[in-house]
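> Below you'll find the structure I mean.
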Amino acid sequence: MTTPQVLLGWADAAVAHPDFGPDGVWPRVAAFLCRQALEEALDRYWARELPGVERASRRTQISCLAPVLGDPDLAYDVATAWYALTRACHHHPYELAPTTAELAHWAAQVRTLVDRLG
């Protein structure tokens with residue numbers, strides 16, 4: 001199993017080397033890796049702290065974060081990042097791919113959660 005930190009490192013590499021791979025793919029790859037890091041961190045946290053919650057839907061898990069962590073601002077940031085990353089992972093021909101600044105912002109939010117959840 002790959003750790004959230006490794007996944008975030010791969011996302012950083014995708015952003016740092018946009019010329020690697022087919023044109024226009026790297027933003028969605030980076031978004032996917034960030035989302036995977038967030039989901040892996042959540043799975044590990046719930047399995048350790050409240051076993052069984054990791055089997056609930058992501059929306060349910062994210063809804064439980066504020067009361068469990070006692071930090072509604074962090075929970076809001078995580079929810080916002082997860083929804084944005086989920087949307088960015090799906091290619092729609094009428095939408096632009098996420099920008100480097102957006103990806104960096106979402107990755108920072110995910111990093112904060114990963115650090116907080118241990």
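> What is the one condition in (1) out of contact with any Cys (no Cβ under 8 Å at 6 or more places or on another chain); (2) closer than 16 Å to Leu113 by Cα that Arg35 does not satisfy?
(1)
> For segment 27-74: of the residues being open to solvent by 10 Å² or more (accessible area, probe 1.4 Å) and of a type in the set (S, T, N, Q), which is nearest to Gln5 (Cα to Cα)?
This residue is Gln36.
> Any residue at all in segment 7-26 that is of a type in the set (Phe, Trp, Tyr), more than 13 Å from the chain's Cα centre (by Cα), crowded, with 16+ Cβ neighbours inside 10 Å and in a helix (DSSP H, G or I)? Lay out the reasoning, then the answer.
The initial filter retains those residues of segment 7-26 that are of a type in the set (Phe, Trp, Tyr), namely 10, 20, 26.
Right, trim to more than 13 Å from the chain's Cα centre (by Cα) and you get 20, 26.
Remaining after also requiring crowded, with 16+ Cβ neighbours inside 10 Å: 26.
If we keep only those that are in a helix (DSSP H, G or I) as well, we get 26.
Yes: segment 7-26 contains one or more residues that are of a type in the set (Phe, Trp, Tyr), more than 13 Å from the chain's Cα centre (by Cα), crowded, with 16+ Cβ neighbours inside 10 Å and in a helix (DSSP H, G or I).
> The conditions are (1) at pLDDT 90 or above; (2) open to solvent by 60 Å² or more (accessible area, probe 1.4 Å), and Leu96 fails exactly one of them. Which is it?
The one condition Leu96 does not meet is (1).
> Then there is this: Out of Val78, Val114, report the one residue that is β-branched (Val, Ile, Thr), open to solvent by less than 30 Å² (accessible area, probe 1.4 Å) and within 18 Å of Thr2 (Cβ to Cβ). Outline the logic, then answer.
Values: Val78 fails: within 18 Å of Thr2 (Cβ to Cβ).
After applying the criteria, what remains is Val114.
> Now for a separate question. Do any residues in segment 79-92 that are assigned to a helix (DSSP H, G or I) have Cβ atoms under 6 Å from those of residues that are open to solvent by 90 Å² or more (accessible area, probe 1.4 Å) and not small (Gly, Ala, Ser), where the two are at least six apart or on different chains, and which pairs are they?
Taking only residues 6 or more apart or on different chains, the pairs are Cys89/Phe32.
> Under 9 Å by Cβ, and 6 or more places apart or on different chains, what pairs join a residue from segment 1-12 that is farther than 12 Å from Glu39 by Cα with one that is surrounded by fewer than 14 Cβ atoms within 10 Å (Cβ to Cβ)?
That search, which allows pairs on different chains as well, returns Trp10/Thr2.
The values are calculated or read from the model by the stated rules, or taken from the named source; none is laboratory data. These numbers come from a predicted model, not from an experiment. Cβ coordinates were reconstructed from backbone atoms using ideal geometry, including for glycine residues, and neighbour counts include every protein chain displayed. These accessible areas exclude ligands, DNA and RNA; they are computed on the full protein's heavy atoms, side chains included. Shrake-Rupley method; radii C 1.70, N 1.55, O 1.52, S 1.80 Å.
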